[in-house]
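Novice: Let me begin by handing over the structure; questions about it come next.
What follows is calculated from the coordinates using simple rules that are stated; it is not laboratory data. Predicted, not measured: the structure shown is a model, and the values here were computed from it. Note that we place each Cβ from the backbone using ideal geometry, even for glycine, and neighbour counts take in every protein chain shown.
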Amino acid sequence: GAGVSQTPSNKVTEKGKYVELRCDPISGHTALYWYRQSLGQGPEFLIYFQGTGAADDSGLPNDRFFAVRPEGSVSTLKIQRTERGDSAVYLCASSRSGRSGADTQYFGPGTRLTVL
Amino acid sequence: LAKTTQPISMDSYEGQEVNITCSHNNIATNDYITWYQQFPSQGPRFIIQGYKTKVTNEVASLFIPADRKSSTLSLPRVSLSDTAVYYCLVGDPWGGSARQLTFGSGTQLTVLP
């Protein structure tokens, strides 16, 4: 079956601009996660959705970052007033329920964001 | 938070067994241990998961001692295509904080011919 997909695969923007990154999770997965990965580092948790609601957004670095999942499937990560330090690969993952530590996350290929 | 510690890098030769150990001294009762593999320009890929003792699947084994303060990923007879970064992840997003779901820096495994 189809895995997690993310669009665009690459995004280049200028400092100060607004960007949206999209994630299509595996069909039927209720839990969705966003991570950010800088070069040479492991993924860093940003936000976790259970259905339509953000169950934990404690990883968002500041109020320029926001994510939505209005219908409990597709999610959009929104970054306002981008800064050069926002440059990274943004990963999305989904899992069946997120209601257990045994719930496996399936990752998308990521969106590489470059802020000039 | 169940912080994890892994070796930064390991080298091996084709056909050898590779064991990568992860320390997680503060693991909580409901936490599971999951290992992921990541190739350049790809998202992490699930390898194996366990709670205690030993788990084996078609690609790897996971050994977890009784105190669960560490775990060892065992890759039998590695090939060049196993060259990747390996992460252990410890947490329970539902019972605890999803922020626990932060990967460490991982272990860069390089398989040599």
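Novice: When a footprinting reagent is the concern and you count Cβ atoms within 10 Å, what order do B:11, A:56, A:63 take, fewest first?
Specialist: Values: B:11 12, A:56 22, A:63 8.
Going from least to most buried by this count: A:63, B:11, A:56.
Novice: Counting Lys and Arg as +1 and Asp and Glu as -1, each charge on the Cβ, what is the dipole of region A:1-79 about the Cα centre in debye, to the nearest 20? Let's see the in-between values first.
Specialist: Numbers: 8 positive and 8 negative charges, 54 e Å.
For this selection, approximately 260 debye.
Novice: Another question, if that's okay. With a 10 Å cut-off between alpha carbons and a GNM built on chain A, which of A:104, A:30, A:82 moves the most?
Specialist: The residue with the greatest mean-square fluctuation here is A:104.
Novice: Tabulate in residue order the Karplus-calculated ³J(HN,Hα) for region B:9-19, using 6.51 cos²θ - 1.76 cosθ + 1.60 with θ = phi - 60°, rounded to whole Hz; enter x for Gly and Pro.
Specialist: Listing the rounded values in order: 8, 8, 10, 8, 10, 3, x, 7, 8, 10, 10 Hz.
Novice: Also, quick follow-up: Please report the Cα spread of region B:9-112 along all three principal axes, rounded to whole Å, starting with the longest.
Specialist: Principal extents (largest minus smallest coordinate, Cα): 40, 31, 22 Å.
Novice: Given the options B:59, B:32, B:9, identify the residue whose Cα lies farthest towards the positive end of the charge dipole of region B:9-112 (+1 on Cβ of Lys, Arg; -1 on Cβ of Asp, Glu).
Specialist: B:32
Novice: In debye, nearest 20, what is the charge dipole magnitude of the protein assembly as shown about its Cα centre with +1 on Lys and Arg Cβ and -1 on Asp and Glu Cβ, if you could check?
Specialist: Working: 21 positive and 19 negative charges, 71 e Å.
Once rounded to the nearest 20, the dipole reads 340 debye.
Novice: Shifting gears a bit: I want to verify a result. In a Gaussian network model of chain B, Cα cutoff 10 Å, which of these has the top mean-square fluctuation: B:50, B:91, B:15?
Specialist: Taking springs between Cα atoms under 10 Å, the residue moving most is B:15.
Novice: Fewest first, what order do A:27, B:23 take by the number of other Cβ atoms within 10 Å? Don't skip to the end; give the middle numbers.
Specialist: On the way: A:27 9, B:23 15.
Fewest to most other Cβ atoms nearby, the residues stand as A:27, B:23.
Novice: Let me know the longest stretch in chain B that avoids all trypsin sites (Lys or Arg not before Pro) found in a DSSP loop with at most 16 other C-beta atoms within 10 Å.
Specialist: Values: sites that count: B:3, B:52, B:69, B:77.
It runs B:4-51.
Novice: Which one of A:48, A:38, A:82 has its Cα pushed farthest toward the positive end of the charge dipole of chain A, where Lys and Arg give +1 and Asp and Glu give -1 at the Cβ?
Specialist: A:82
Novice: Could you give the dipole magnitude of region B:9-112 about its Cα centre, charging the beta-carbon of Lys and Arg +1 and that of Asp and Glu -1, in debye to the nearest 20?
Specialist: Details: 7 positive and 8 negative charges, 55 e Å.
Dipole size: approximately 260 debye.
Novice: Let me know the Rg and Dmax you get for region A:5-99 when you use only its Cα atoms, in Å.
Specialist: Radius of gyration, then largest Cα-Cα span, for region A:5-99: 12.8, 39 Å.
Novice: In whole Hz, with x marking every Gly and Pro, tabulate ³J(HN,Hα) for region B:39-52 from phi via Karplus 6.51 cos²θ - 1.76 cosθ + 1.60, θ = phi - 60°.
Specialist: 9, x, 6, 10, x, x, 10, 4, 10, 7, 9, x, 10, 7
Novice: Could you list the trypsin sites (Lys or Arg not before Pro) in region A:3-81 that lie in coil according to DSSP, counting only those with at most 15 other Cβ atoms within 10 Å of their Cβ?
Specialist: On the way: sites: A:11, A:15, A:17, A:22, A:36, A:64, A:78, A:81; in loops: A:15, A:17, A:64, A:81.
For trypsin sites (Lys or Arg not before Pro) across region A:3-81 that sit outside H, G, I, E and B with at most 15 neighbouring Cβ atoms in 10 Å, the list reads A:15, A:17, A:64, A:81.
Novice: Taking amide H atoms as placed 1.01 Å from N in the peptide plane, list the residues 5 or more away in sequence, or in a different chain, whose amide H sits under 5 Å from that of residue A:87.
Specialist: Answer set, sorted by chain and number: A:115.
Novice: Considering every Cα-Cα pair within the protein assembly as shown, what fraction, in whole percent, is farther apart than 33 Å? Could you put the intermediate results ahead of the total?
Specialist: On the way: 4195 of 26106 pairs.
Looking at the protein assembly as shown, the distances longer than 33 Å represent 16 percent of pairs.
Novice: Sequence neighbours fewer than 8 away in the same chain don't count; with that in mind, list the aspartates and glutamates whose C-alpha is under 19 Å from residue A:17.
Specialist: Cα-Cα hits under 19 Å: A:63, A:83, A:86.
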